[in-house]
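Any read-out appearing in this document is the output of simple, stated calculations on the displayed coordinates, not a laboratory observation. This one's a predicted model, so the numbers in the text were calculated from it and none came from an experiment. Note that each Cβ is placed from the backbone with ideal geometry, even for glycine, and that neighbours are counted across all protein chains shown.
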Amino acid sequence: MDSTRIHRVLLGPAVKPALWVGCLLPALWLVYAAASSRLGANPAEALIRSTGDWTLRMLCAVLSVTPLSRLLGLPALVRLRRMLGLYVYFYAALHLLCYAGFDMGLDLGDITRDIAKRPFILVGFSAFLLLTPLALTSWNGAIRWLGGKRWQALHRLVYVVAGLAVLHFFWMRAGKHNFAEVQVYASVLGALLGWRLWRAVSGRQRNRTAVGRQGRDPGLG
Amino acid sequence: MLIKTRDDGFVHPRSSEITPEGVYRQRRDLMRLMAGGAAGALLASWAARDARAQMRPVKLPAQKSPVAGAVTLEKPTDYKDATSYNNFYEFGLDKSDPARNAHTLQTTPWTVAVEGLVKKPGRYALEDLLRRSALEERIYRLRCVEGWSMVIPWAGYSLAELIRKVEPLGSARYVEFVTLADRQTMPYVSSSVLNWPYVEGLRMDEAMHPLTLLAFGMYGEVLPKQNGAPVRLVAPWKYGFKSGKSLVKIRFTETQPATAWNVAAPQEYGFYSNVNPNVDHPRWSQATERRIGEDGLFSRRRKTLMFNGYEAQVGQLYAGMDLKKYY
């Protein structure tokens, strides 16, 4: 199949609903597994860890949309970015809820003390806070209201979130020197952010050589 | 025609018709496996793995222990949980890995070397160790440094029994426990997570304490491989990682042993590692714990007890010590 045909398929009406269901499946499975005692000896730990894992996976997915659409010449992929972004927030919120509910017994005092005391929790919580304005401004009206440039600048916060998420995961595994999975996520996210950096730098160089012509947006996306 | 019913409670089934409990439990397990089996061949290998993990080992009878504090009345953790949720890094870093991977461990023949500052050094065969003293059943709380706990019925005898027989010299102040590190049978021994072999240690008075157990069995059977077969240590007032599994060497030393986790992350894991709700791990609180199989998803974590509830028995070992400094 050539890229124009893939492009046409991606524009089809079933793609978004299918993605929506697909991204929801891990959460549904976790609910089902918890209800039917399939999460092993420590279901609370399993839920906290799985929702964290899925947040990282969604983060990798959403950040790979722009590079993939450029590299494969499939602009239609960008249509799916917002939904993936909202799923990052969805799994991050579930992750936070599982921690707050199962580990902290929803005691706000305990949670606040825990966040203040433990840098590893603070980093994770900050990442969640930074994601919140992105989720809140994900609708079309917000883009118009903020203006495209400002909206895009705000949404570049996701790069900071990616860094914090990896740091949070690294810290969590640090005491046990168990970095294999951390390395996987760090390299994927590193490559995706590196690609953007490389484009920004080479874009600026192109702009500089084209003095007099209209400045081009490097298009971080 | 007389229609017999069993409703009146007087007509009982013949004893031959009653399905033994073990059999119907197996059937339930089988049904559960089959219900999942529809999902395909992937699950079949899972089932095989579960079956392997569920194979019950040889019986190992033991008498109730007379040692003070050695038998808690709390409900023992389900055998399945205790044998499928393990930290045994030689067999994998995930807690479900040991049950899956430890079947390669060779436990016969097995010898434990006694070395160092001791009058009677030597290599002791497992059979000799088993005969050294009467086996006692001890039901201990087990508190993992990660914040979860279990209640395990162990079978073994006080390590002190062995120590007395090998006669340590007056200069011996610590006991070092070296565990098996066999690249052939332990897939993660080549990983860089820890320095292998896994070494643990106790101060001499801790090692001589009657609660410090040399364990050969649990739940009335020999130790499953993922739980540290064929012989391991259990020091119930310390975090679980202090209790080395699959011991191959016991060494008496004058200086404090360099223990595995203390070497790997000294700011997180001290030499003593006594269970202490007032001294937090740098990344999480130790004030509470989740009892595996008991504390449901929505119940609050229970309070962790000082010295894991063994303060009356072991508190005097640390009289005058700053436990925040010697964590």
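Observations on the model:
- Binning the alpha carbon pair distances of the protein assembly as shown at 10 angstrom intervals from zero yields the distribution 3, 14, 23, 21, 16, 11, 7, 3, 1, 0, 0, 0, expressed in whole percent.
- Here's the picture: charge each Lys and Arg Cβ at +1 and each Asp and Glu Cβ at -1 in the protein assembly as shown, and of B:Gln316, B:His103, A:Leu193 the one pushed furthest to the positive end of that dipole is A:Leu193.
- Charges were assigned to the Cβ only: +1 to each Lys and Arg, -1 to each Asp and Glu. The resulting dipole of the range B:199-327 about its Cα centre is roughly 300 debye.
- Equivalent-ellipsoid semi-axes of the range B:56-316, from the Cα gyration tensor, Å, largest first: 25, 21, 20
- Set B:Lys80/B:Lys245; B:Lys165/B:Lys238; B:Lys119/B:Lys245; B:Lys59/B:Lys165 screened for pairs whose C-alpha atoms are more than 23 Å apart: B:Lys165/B:Lys238; B:Lys119/B:Lys245; B:Lys59/B:Lys165
- Nearest-20 debye value, chain A charge dipole, Cβ charges on Lys, Arg, Asp, Glu: 1280
- Annotation for the range A:8-60 versus the range B:265-313: alpha-carbon center distance of 31 Å.
- For the range B:61-132 versus the range B:228-246, the gap between their alpha-carbon centres in whole angstrom: 7
- Fraction of the pair-distance distribution of chain A above 27 Å, Cα-Cα pairs, percent: 41
- Each Lys and Arg adds +1 at its Cβ and each Asp and Glu adds -1 at its Cβ; summed about the Cα centre, the protein assembly as shown shows a dipole of about 2260 debye.
- Amide H contacts of B:Val118: B:Leu169, each under 5 Å away and 5 or more positions distant or on a separate chain (H built 1.01 Å from N in the peptide plane; Pro and chain starts excluded).
- Extension gain for A:Leu71 to A:Leu129 (0.36 nm times residue separation, less C-alpha to C-alpha distance): 17.7 nm.
- The amide H of B:Lys249, built 1.01 Å from its N in the peptide plane, has B:Ala113, B:Val178 as neighbours under 5 Å, considering only residues 5 or more places off or on other chains.
- Over the range A:1-129, the ratio between the Cα radius of gyration and 2.2 N^0.38 Å evaluates to 1.29.
- Extreme residue, positive dipole direction of the protein assembly as shown, given options B:Leu142, A:Trp139, A:Ala27 (C-beta unit charges): A:Trp139
- Annotation: amide H of B:Lys238 within the under-5 Å range of B:Val275, sequence separation 5 or more or interchain, hydrogens built in the peptide plane.
- Note on the protein assembly as shown: helix-only mean residue ellipticity at 222 nm, from DSSP H runs of 4+ residues weighted -39500 (n - 2.57) and normalised by residue number, equals -13500 deg cm²/dmol.
- Unit charges at the beta carbon, dipole of the range B:56-316: most positive-side option, B:Ala62, B:Leu223, B:Leu305: B:Ala62
- 3J(HN,Hα) along the range B:244-250: x, 9, 6, 5, 10, 8, 10 Hz, from the Karplus curve 6.51 cos²θ - 1.76 cosθ + 1.60 with θ = phi - 60°, whole Hz, x for Gly and Pro.
- A simple rule links phi to the HN-Hα coupling: the Karplus curve 6.51 cos²θ - 1.76 cosθ + 1.60 with θ = phi - 60°, which for the range B:222-231 gives 4, 4, x, 4, 5, 9, x, 4, x, 8 Hz, with x for Gly and Pro.
- Low-density loop positions, trypsin sites (Lys or Arg not before Pro), the range B:211-297 - DSSP coil, at most 16 other Cβ in 10 Å: B:Arg283
- Acute angle (nearest 10 degrees) that the helix A:119-136 long axis makes with the longest principal axis of chain A, alpha-carbon atoms: 50
- From phi via Karplus (6.51, -1.76, 1.60), per-residue ³J(HN,Hα) for the range A:147-155 in Hz, x at Gly/Pro: x, x, 5, 5, 4, 5, 4, 4, 6
- With Cα atoms, 0 to 90° folded angle of helix A:157-174 axis to chain A main axis: 40
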